[in-house]
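Just so it is clear, none of the values below were taken in a lab; they were calculated from the coordinates. Small disclaimer: the values here were computed from a predicted structure and weren't measured. Cβ coordinates were reconstructed from backbone atoms using ideal geometry, including for glycine residues, and neighbour counts include every protein chain displayed.
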Amino acid sequence: MPATPVMTTDLRIQSAYAQCQAISRRHYENFPTASRIVPKDRRKALAAIYAFARAADDFADEPGKGTPEERLQSLANWREHLKECYAKPLEQISHPVFLALGDAVRRYRLSFVNLDNLLRAFERDVQMNRHQNFDSLLSYCTCSANPVGRLVLEMFDYRDAELFALSDFICTGLQLTNFWQDVSIDLERDRVYVPLDDLERFGLSLSDVERFRSSQVDVKDDRWRRLMSFEVERTGELFERGRVLPERVGREVRRQLRLTLLCGLTILERIRRADYDVFHHRPALKASDFVRLYFRTWMMPRTPFQTRTVARS
């Protein structure tokens, strides 16, 4: 019998990227929306990052993945793969996710710390299912959300600390927006991202939130509406603080960042329109929304910050 041909490293890399893209397509809503309007090569890199994070998220959060100790061990093993992805030649990397990620790391000089911080967030998910205060939630976002924005900037060779800070505002806002729209879904997994101090501040308890989730009628409790209004407004303030970011980068990534920002702001507005009842009216974006918002990215005014020189390393 003829010997089975051995794939070259280049063919293996192409196959690895294809597998990562297939993973991203299976999780359409969670895959970064604006990634579809970036150049194809960088879209592939985003898919590799997503596949890396998707698997880690499953280790941390999916039913049937074992005890907390076993989940943490799975994440520790995933971290070892990540380290090898940076240390080994691509020819020696067998796992398709890390082969694709390793290629993206080398092409775009992606920082290890950002990918490692994503794993730290998933480890926190195993160890913590409540946040006492907003500072705890912001600390979580530092690892769970902010690294993604920084990786996107690195992919376009932006490594300026001020741009990273602006990106952090937007990414933290996106993560918080996701928490507010998914209160009911998270509660099913015994996760509560609404800070416990805020619940108490508005006269609510966890049992109240559970009752809202199980209720068959719209939530009309004014305490909940005032709480969600409070969370939505301060999330919107984070978006406002990062709003100039798209105008400080080049055209190759500007529309992606504008679309990302518009998607977050639109979800917040839909939470308001639902009178903050995210239990029975989960706000979400449809394909038609993405198209409409994409066209809005062409009409957003350019600000004076546009002309600011961006320092690159």
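Derived from the Cα gyration tensor, the three semi-axes of the equivalent ellipsoid of the chain are 34, 25, 18 Å, largest first.
For ILE185, ILE271, ILE49, which order do you get if you count the other beta carbons within 10 Å of each Cβ and list the fewest first? Let's see the in-between values first.
On the way: ILE185 14, ILE271 23, ILE49 27.
Sorted ascending by nearby Cβ count, the order is ILE185, ILE271, ILE49.
Comparing ASN146, ASN129, ASN117 in a Gaussian network model of the chain, where Cα atoms under 10 Å apart are tied by springs, the biggest mean-square fluctuation is seen for ASN129. Working from Cα positions, state the angle (0 to 90°, nearest 10) between the long axis of helix 68-87 and the longest principal axis of the chain. On a 0 to 90 degree scale, this one is about 40. Counting only Cα atoms, the range 68-172 measures 46, 38, 16 Å along its principal axes, largest extent leading.
At an R0 of 30 angstrom, the distance between the Cβ atoms of ARG25 and ASP116 translates into a FRET efficiency of 0.70.
Under 10 °C and 1.306 mPa s, how fast does the range 8-110 diffuse according to Stokes-Einstein, given a Kirkwood radius computed over C-alpha pairs? Answer in µm²/s, whole number. Please list the in-between numbers first.
Working: Rh = 14.2 Å.
D, rounded to a whole number, is 112 µm²/s.
Evaluated with a Cβ-only charge set (Lys, Arg +1; Asp, Glu -1), the range 189-257 carries a dipole of roughly 400 debye about its Cα centre, given to the nearest 20.
In the P(r) worked out for the range 197-268, what percent of Cα pairs fall beyond 21 Å? Tail of the P(r) past 21 Å holds 46 percent of the pairs. Computed from Cα atoms, the angle from the helix 146-155 axis to the main principal axis of the chain rounds to 40 degrees. Look at the dipole of the chain built from charges on Cβ: of ALA87, SER288, CYS263, the Cα furthest out on the positive end belongs to SER288.
Compute the relative contact order of the chain as a whole-number percentage, counting only Cα pairs closer than 8 Å that sit 6 or more residues apart in sequence. Can you show the working numbers first?
Working: 362 pairs, mean separation 55.5, N = 313.
The value is 18 percent.
By the beta-carbon count within 10 Å of each Cβ, the least crowded to most crowded order of ASP222, ASP58, ASP277, fewest first, is ASP222, ASP58, ASP277.
The angle between the Cα long axis of helix 161-181 and the longest principal axis of the Cα atoms of the chain comes to about 60 degrees, rounded to the nearest 10.
Placing a pseudo-label 7 Å from each Cα along the Cα-to-Cβ vector at LEU196 and PHE295 gives an inter-label distance of 4.9 nm.
How would VAL194, VAL209, VAL152 line up from fewest to most surrounding beta-carbon atoms within 10 angstrom?
On the way: VAL194 24, VAL209 20, VAL152 27.
Least to most surrounded, the residues fall as VAL209, VAL194, VAL152.
Over the residues of the chain, the helix contribution to mean residue ellipticity at 222 nm works out to -21500 deg cm²/dmol, using -39500 (n - 2.57) for each DSSP H run of at least 4.
Here the range 129-216 is assigned +1 on the Cβ of each Lys and Arg and -1 on the Cβ of each Asp and Glu. Its dipole about the Cα centre then comes out at about 220 debye.
I'd like to compare 120-126, 210-216: which one has the highest average count of other Cβ atoms within 10 Å, and what's the full order after that? Don't skip to the end; give the middle numbers.
Details: 120-126: 19.4, 210-216: 13.4.
Final packing ranking: 120-126, 210-216.
Is there a quick way to get the dipole size of the chain? I mean about its Cα centre, with the Cβ of Lys and Arg at +1 and of Asp and Glu at -1; what is the value in debye to the nearest 20?
Working: 49 positive and 44 negative charges, 300 e Å.
I would put it at about 1440 debye.
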